[in-house]
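Since the structure comes first, as structure tokens, the remarks are kept for the end.
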Amino acid sequence: MNLLHSSLVLCGLLVYGALSACDKGSWVPDVGLRGNYTSTANNTLVVMGTQIAGPAVVTITAPRHQSWTSTIDPPISYKDALTLNPVWEEYFQESLSETEPARDPIVYERSDEGYVTFTPVVRCSRGRGTCDGKEVAGEICTPFLLDSGALAGEYTITYAG
């Protein structure tokens, strides 16, 4: 009875996507997108809790972080994403954090006012592959580090309002 119950549970998990099996190397980028591209992430972090008024020189001490993202539906795991395109194992990261203060101060020359925010920049690929015998399509993005070792992203002043 236990074996039958376990098999039914496993089948249920496969049907509902909790466990998926993606075909190794099946990822094909969309036409016109031969490789990866960069994009800003969908989240912006406030990295300075007090408002500033420019011109100003600001040193960022708040942590910055970003995790991998996917628009594939039903959702796939990070491991499945790497199975879709094994080359990604060389440079894809599940998540990256930077907890040390930013290496260089940020200079705001204009008279901007607001909160200093950080929007991560991610490396993405949009295309299609095969998981559980069905075609899946979407965009998969990963955070990355700059040559300096800093988390890739953009600092801006977001107006309070």
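Given the structure, is S70 touching a residue at least 24 places away in the same chain (Cβ under 8 Å) and within 14 Å of A152 (Cα to Cα)?
Spelling it out, it is not the case that S70 is touching a residue at least 24 places away in the same chain (Cβ under 8 Å) and within 14 Å of A152 (Cα to Cα).
Which of the residues belonging to the range 93-115 are under 20 Å from the mean Cα position of the chain (by Cα) and of a type in the set (S, T, N, Q)?
Q93, S95, S97, T99 - these are the residues of the range 93-115 that are under 20 Å from the mean Cα position of the chain (by Cα) and of a type in the set (S, T, N, Q).
Test I106 against the stated conditions and say whether it is modelled with pLDDT under 90 and surrounded by 12 or more Cβ atoms within 10 Å (Cβ to Cβ).
Taking the combined requirement at face value, the residue satisfies it.
Does the range 113-128 contain at least one residue that is surrounded by 13 or more Cβ atoms within 10 Å (Cβ to Cβ) and part of a loop (DSSP other than H, G, I, E, B)?
No, there is no match, as no residue in the range 113-128 is surrounded by 13 or more Cβ atoms within 10 Å (Cβ to Cβ) and part of a loop (DSSP other than H, G, I, E, B).
Of the conditions (1) assigned to a helix (DSSP H, G or I); (2) within 24 Å of Y159 (Cα to Cα), T83 clears all except one; give me its number.
(2)
Suppose we keep only residues that are outside any loop (DSSP other than H, G, I, E, B) and either among the hydroxyl-bearing types (S, T, Y) or more than 27 Å from the chain's Cα centre (by Cα) (or both) within the range 31-47. Which one would you say is farthest from S97 (Cα to Cα)?
Y37
Tell me whether the range 116-129 contains one or more residues that are more than 17 Å from the chain's Cα centre (by Cα), under 30 Å from S26 (Cα atoms) and touching a residue at least 60 places away in the same chain (Cβ under 8 Å).
Yes: one or more hits.
So how many residues does the range 67-96 have that are modelled with pLDDT under 90 and under 28 Å from Y108 (Cβ atoms)?
0
I'd like the residue in the range 129-141 that is touching a Ser or Thr at 6+ places or on another chain (Cβ under 8 Å) and assigned to a strand (DSSP E or B) and, out of all such residues, is nearest to S67 (Cα to Cα).
In this case the residue turns out to be C141.
What's the total number of residues in the range 82-115 that are closer than 18 Å to G25 by Cβ and not acidic (D, E)?
Result for the range 82-115: 9.
So in the range 49-91, with the set limited to residues that are surrounded by fewer than 15 Cβ atoms within 10 Å (Cβ to Cβ) and β-branched (V, I, T), which one is farthest from E113 (Cα to Cα)?
V87
Of the residues in the range 86-103, how many are closer than 14 Å to L146 by Cβ and either aliphatic (A, V, I, L, M) or part of a strand (DSSP E or B) (or both)?
Looking only at that region, the number is 3.
Which one of the conditions (1) in contact with a helix residue (DSSP H, G or I) (Cβ under 9 Å, 6 or more places away or on another chain); (2) loosely packed, with under 15 Cβ neighbours inside 10 Å; (3) at pLDDT below 90 does G25 fail to meet, given that it meets all the rest?
Single failed check for G25: (3).
Within the range 48-66, is there a residue that is in a loop (DSSP other than H, G, I, E, B), touching an Asp or Glu at 6+ places or on another chain (Cβ under 7 Å), under 19 Å from V122 (Cβ atoms) and at pLDDT 85 or above?
Yes: one or more hits.
The values are calculated or read from the model by the stated rules, or taken from the named source; none is laboratory data. The structure presented is a predicted model; accordingly, all values stated were derived computationally and were not measured. Neighbour counts are summed over all protein chains in view; Cβ atoms, including those assigned to glycine, are modelled from backbone coordinates with ideal geometry.
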